[in-house]
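K.L.:
The structure is given below, and queries will be raised subsequently.
The values are calculated or read from the model by the stated rules, or taken from the named source; none is laboratory data. This one's a predicted model, so the numbers in the text were calculated from it and none came from an experiment. Note that each Cβ is placed from the backbone with ideal geometry, even for glycine, and that neighbours are counted across all protein chains shown. Just the protein is used for accessible areas: all its heavy atoms, side chains included, with ligands, DNA and RNA removed. Shrake-Rupley method; radii C 1.70, N 1.55, O 1.52, S 1.80 Å.
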Amino acid sequence: MSTKKIIFEITGMTCASCSASNERALLRVPGIEKASINFATKKALVEYDNEAIGEMDVKKIILSNGYGIAQENFRRYQIINKYAQYKNELFGNIKVRLILSVLFSLPLFLAMFFDIKSGFLILRIDFVMWVHIILATLVVFVLGWPFHWMAYKQAKKREANMDTLISMGTLVAYFFSLWAVFCGQKNYFETAAVIIMFILLGKYLEDISVQKTGEAMRRLMELGAKRARIIVSGEEKEVGIAELKIGDVVVVRPGEKIPLDGYVVEGESEVDESMLTGESLLVEKKVGDYVFGAVLNEDGILKVRVAQTGEGTALAQIIRTVEEAQNSKPPIQKLVDRVARIFVPIVLFLTLGTFLGWFFLTERDLQAVIYAVSVLVIACPCALGLATPTAIMVGAGRGARRGILFKSGESFERIKDISVVIFDKTGTLTNGKPVVKKVLKNPKVKELDFLELANILALNSQHPYSKAVVAYADKLNLIASGQKIKNIKEEKGRGLSGLDNLARKILLGNAKIIAENNLNSQWIAQVEADPKNQAGALLFVACGEIVLGAFLIEDEIRNEAKEVIEMLKKMRLKVGIISGDRQVVAEVVAKRLGIKNVIANVLPHEKLEVIQKLQAQGEKIIFVGDGINDAPSLIQADLGIAMGSAMDIAKEAGQIVMLENNLKKVVEAILISRKTFRAIRQNLFWAFFYNIVAIPLAMFGFLTPAIAAAAMSFSSVSVVLNSLRVSK
């Protein structure tokens with residue numbers, strides 16, 4: 001089976017019922033594994049078996065369900081569904097429709113307060129009233145036509161949505177008023193027109209607000225460079241980004257954006273990667289270093305060989321990840337979807353009950369029609385549909401700006417139950433780069449040249465400990481030229497050996513290689529027993545029969561680690577360490593950071609078992625690891641946070657990925673998640689509360705249809721505005 005994932009925009013959706021209807025239509029088709037539709041973004045995230053069904057077939061399902069696809073190369077299918085699309089220049093523009101509805105509704109609204117008559121009768125009806133009929137007709141049937149058309153499409157499928165409520169409400173008010181005019185009764189044309197006007201106003205304000213929720217996403221998409229200078233036959237040529245291919249060499253001058261991901265082949269400079277990682281400090285780049293597309297080159301000229309194009313670039317992967325997160329749904333949305341599915345039928349039932357109740361309780365007064373219209377209009381699932389996706393859009397966008405990628409909407413909900421944060425040690429709490437912390441000299445040895453001997457040997461190895469020795473020697477400006485060592489061999493798991501000019505054996509390694517050469521001494525035993533040397537690894541240097549000295553190699557704790565641990569404790573979270581390192585080393589790191597819970601000397605699969613055991617005890621766990629050897633633990637944890645580079649974000653196992661190796665981002669991710677989920681709960685509370693309170697008020701006649709329309713529109717806008725607070 002070949003699973004493929006696509007995201008596309010759906011047109012014609014007006015409420016949560018629409019998105020639920022499209023999801024049901026998709027999931028009914030064999031071959032479609034998952035379908036999630038975001039009402040706020042109007043986008044669908046669909047996973048399907050590419051061997052069983054094609055991308056075009058997936059989109060045809062939406063079209064056959066009465067909705068449209070916003071995509072240029074889908075134009076031939078849009079012609080068939082032109083009414084569902086409803087995108088003509090004049091009345092397809094919601095702003096134009098809103099302005100016209102205000103102009104046409106204003107005379108009708110004024111007629112409620114001023115009884116204006118011309119005295120000129122046509123078919124025994126005043127000319128002014130004919131004008132009112134025409135204006136109401138234009139508003140209800142022309143400006144409001146999309147509502148009626150979508151209601152008709154829903155009725156054909158024996159379904160109902162927000163359009164059904166609006167269409168029924170305005171049509172009932174209009175035709176009742178038309179009957180009333182010819183029968184000499186009070187009419188309600190202004191009600192029918194004002195309902196459309198307020199709905200359009202709410203939609204317009206809602207669109208503006210929703211656009212703000214997607215501001216971070218748009219900023220990401222605009223970051224990339226548009227043009228690049230490519231070297232062809234030794235000369236520079238300016239081309240569009242789309243023309244670049246892997247292997248091309250581009251020139252990037254100071255102040256320009258690096259076009260695409262690649263390796264520096266010439267030049268040195270500092271680049272601003274803040275747009276990717278959230279880190280404001282400049283990063284030095286030289287020959288051989290990897291650079292990301294869209295980052296700003298600050299002060300030097302770089303020549304970069306393109307290594308990734310299109311969807312393979314870090315920026316494209318980030319955009320894709322954020323988009324998928326924004327279009328995925330947390331578990332709490334399932335409740336909303338279930339409510340949305342039955343909401344409109346319940347409202348229709350309550351509307352009928354309202355009409356019958358008022359009609360018979362008031363001796364068959366036709367005012368009951370207007371009360372029923374109020375119920376139809378006040379009840380709208382828009383706020384329910386916007387409650388979750390708008391908050392997730394803002395939360396995911398804020399995270400992306402800060403170098404934190406939330407890979408699904410579920411991440412925001414999982415955070416609420418977390419009780420324990422467990423860190424991997426190496427590369428997470430520590431820098432993952434061993435350094436020489438201390439040089440120990442055998443007091444019985446007077447020679448001081450063992451640093452040079454160690455450096456010469458270490459230069460012939462790529463082991464992290466050897467690199468630490470070389471870096472230390474470079475720091476001392478030590479030049480390995482005074483002596484020569486030949487026959488250098490690397491003995492795996494032990495160290496390095498060689499022969500000097502006097503045929504003496506030179507060793508650089510751990511206690512095993514020393515013991516194998518029968519060089520154990522009392523000094524070595526003292527060094528190993530010293531508690532001060534327990535936090536790292538000891539690398540001994542020997543010449544002939546004498547152990548000259550040793551290096552204490554440590555993986556340094558991150559500067560921000562202790563502060564982060566304290567912050568997590570203040571958030572009432574338990575903190576622990578799981579490490580594959582020696583118990584004594586892990587305990588030293590834990591003691592320095594103030595962490596009491598330590599499990600060390602475990603393999604990756606044993607880390608997984610530890611997490612499973614804690615979960616069985618009722619703990620909800622965040623696991624923070626490097627995203628490579630910790631993949632099983634990241635997946636098993638209730639929430640996995642991967643400390644990874646932008647290059648590997650698509651491969652990370654964690655639900656949250658940090659683009660910068662800064663532990664403070666862990667705290668920031670938790671805070672953003674909590675704030676986002678708090679906004680979701682607030683939105684859902686007010687959406688449910690609004691309907692629970694407003695519908696009875698309308699049923700008992702306390703709300704006119706016009707006020708009901710205004711209140712309904714405001715409820716949707718208020719939900720979006722509350723979601724926007726997450727961005728601050």
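K.L.:
Whats the longest run of the chain with zero GluC sites (Glu not before Pro) that are DSSP loop and have at most 16 other Cβ atoms within 10 Å?
P.N.:
90-267
K.L.:
Please state the charge dipole magnitude for region 427-557, taken about the Cα centre, from unit charges on C-beta atoms (+1 on K and R, -1 on D and E), reported in debye and rounded to the nearest 20.
P.N.:
I would put it at about 120 debye.
K.L.:
I'd like the distance between the alpha-carbon centres of region 582-599 and region 151-174, rounded to an integer number of Å.
P.N.:
Between the Cα centres of region 582-599 and region 151-174 lies a distance of 65 Å.
K.L.:
Let me ask something additional. Note down the net charge around Glu516, summing +1 for each Lys or Arg and -1 for each Asp or Glu among other residues with Cβ under 15 Å from its Cβ.
P.N.:
Result for the neighbourhood of Glu516: +2.
K.L.:
Let me ask something else about it. How tilted is helix 583-593 with respect to the longest principal axis of the chain? Cα atoms for both, answer in degrees (0 to 90, nearest 10).
P.N.:
Once rounded, the angle reads 60 degrees.
K.L.:
Taking the Cα atoms of region 360-438, report the difference between the largest and smallest coordinate on each principal axis, in whole Å and largest first.
P.N.:
Computed over region 360-438, the largest-to-smallest principal extents equal 97, 27, 15 Å.
K.L.:
Further, regarding this structure: In Å and on Cα atoms, what radius of gyration and Dmax does the chain show?
P.N.:
34.6, 127
K.L.:
Once you place label points 7 Å from the Cα toward the Cβ at Phe702 and Met571, how far apart are they in nm?
P.N.:
About 4.2 nm, to one decimal.
K.L.:
Report, to the nearest 10°, how far helix 561-570 tilts away from the longest principal axis of the Cα atoms in the chain, using its own Cα long axis and a range of 0 to 90°.
P.N.:
40 degrees
K.L.:
Can you find, among Leu296, Tyr472, Leu614, the residue farthest towards the positive end of the dipole of the chain? Put +1 on the C-beta of Lys and Arg, -1 on that of Asp and Glu.
P.N.:
Projecting each Cα onto the dipole axis, the largest value belongs to Leu614.
K.L.:
Using the structure shown, select from Lys437/Lys569; Lys60/Lys153; Lys34/Lys407 the pairs with a Cα to Cα distance greater than 22 angstrom.
P.N.:
Lys437/Lys569
K.L.:
Kirkwood hydrodynamic radius, computed over distinct alpha-carbon pairs, for region 540-600: how many Å, to one decimal?
P.N.:
After inverting the pairwise mean of 1/r, the radius is 13.7 Å.
K.L.:
Give me the dipole magnitude in Debye, nearest 20, for the chain about the Cα centre, with unit charges on the beta carbon: positive for Lys and Arg, negative for Asp and Glu.
P.N.:
Details: 89 positive and 75 negative charges, 249 e Å.
With Lys and Arg at +1 and Asp and Glu at -1, about 1200 debye.
K.L.:
If I take all pairs of Cα atoms in region 508-667, what percentage of them are more than 27 Å from each other?
P.N.:
Result: 36 percent of Cα pairs exceed 27 Å.
K.L.:
Now for a different question. Per residue, how many Å² of accessible area does the chain show with a 1.4 Å probe? Could the numbers behind the result be given before it?
P.N.:
Details: 34000 Å² over 728 residues.
For the chain, the per-residue accessible area is 47 Å².
K.L.:
Take Tyr67, Tyr690, Tyr465 and sort them by solvent-accessible surface of the protein heavy atoms, 1.4 Å probe, largest at the top.
P.N.:
Correct descending sequence by accessible area is Tyr465, Tyr690, Tyr67.
K.L.:
What is the Cα coordinate range of region 585-728 on the first, second and third principal axes, sorted by size from largest, in whole angstrom?
P.N.:
Over region 585-728, Cα extents along the principal axes are 73, 35, 29 Å.
K.L.:
According to a simple spin-label model (label point 7 Å from Cα along Cα-to-Cβ), what is the distance in nm between Phe689 and Asp49?
P.N.:
Placing both labels 7 Å along Cα→Cβ, they lie 4.7 nm apart.
K.L.:
For region 496-572, what are the per-bin percents of Cα-Cα distances with bins 5 Å wide, up to the bin holding the maximum?
P.N.:
Values per bin, smallest distances first: 3, 13, 21, 16, 12, 9, 7, 6, 6, 4, 2, 1, 0.
K.L.:
Here's a follow-up. Sorting Leu165, Leu721, Leu499 by accessible area (1.4 Å probe), largest first, what list results?
P.N.:
Reading off the accessible areas and sorting them downward yields Leu721, Leu499, Leu165.
K.L.:
For Val445 and Arg253, what does the FRET efficiency come to when R0 = 45 Å and r is the distance between their Cβ atoms, rounded to the nearest 0.05?
P.N.:
Result of the calculation: an efficiency of 0.25.
K.L.:
Heavy atoms only, probe 1.4 Å: what % of the accessible area of the chain goes to carbon and sulfur, would you let me know?
P.N.:
For the chain, the apolar C and S fraction of the accessible surface comes to 57 percent.
K.L.:
For Ile125 and Asn460, compute 0.36 nm times the residue count separating them, minus their Cα-Cα distance, and round to one decimal in nm.
P.N.:
Working: separation 335, 0.36 × 335 = 120.60 nm, distance 10.38 nm.
Between Ile125 and Asn460, full extension yields 110.2 nm more.
K.L.:
Stretch Gln612-Phe114 to full length: gain in nm at 0.36 nm per residue minus the Cα-Cα span?
P.N.:
Additional length available on full extension: 171.9 nm.
K.L.:
Please report the antiparallel percentage of DSSP beta bridges with both residues in the chain, rounded to the nearest 5.
P.N.:
In the chain, approximately 80 percent of DSSP beta bridges are antiparallel ones.
K.L.:
I've got another one for you. Per DSSP H run of at least 4 residues, take -39500 (n - 2.57); add these up for the chain, divide by its residues and hand me the 222 nm value, nearest 500 deg cm²/dmol. Mind dumping the intermediate values first?
P.N.:
Numbers: 26 runs with 342 residues, N = 728.
Calculated mean residue ellipticity at 222 nm is -15000 deg cm²/dmol.
K.L.:
Report the one residue of Trp130, Gln636, Ile418 whose Cα lies farthest in the direction of the positive end of the charge dipole of the chain (charges on C-beta: Lys and Arg +1, Asp and Glu -1; origin at the Cα centre).
P.N.:
Of the options given, the answer is Trp130.
K.L.:
Note down the accessible area of Leu614, probe 1.4 Å, to the nearest 10 Å².
P.N.:
Accessible surface of Leu614 is approximately 50 Å².
K.L.:
How about region 86-185: which chymotrypsin sites (Phe, Trp or Tyr not before Pro) there are in a DSSP loop, with at most 11 other Cβ atoms within 10 Å of their Cβ?
P.N.:
Hits after loop and neighbour filter: Phe113, Phe114, Phe120.
K.L.:
So if R0 is 25 Å, what FRET efficiency would Asp207 and Phe349 give, r being the distance between their Cβ atoms, rounded to the nearest 0.05?
P.N.:
Between Asp207 and Phe349 the formula returns 0.20.
K.L.:
Which angle from 0 to 90°, rounded to the nearest 10, does the C-alpha axis of helix 604-616 make with the longest principal axis of the chain?
P.N.:
Helix 604-616 sits at roughly 50 degrees to that axis.
K.L.:
Can I ask one more? Using +1 at the Cβ of each Lys and Arg and -1 at the Cβ of each Asp and Glu in the chain, identify which of Pro604, Ala391, Val140 lies farthest towards the dipole's positive end.
P.N.:
Most positive-ward Cα: Val140.
K.L.:
Suppose R0 equals 22 Å; then what is the FRET efficiency for Glu563 and Asp474 from their Cβ-Cβ distance, rounded to the nearest 0.05?
P.N.:
Computed FRET efficiency for Glu563 and Asp474 comes out at 0.15.
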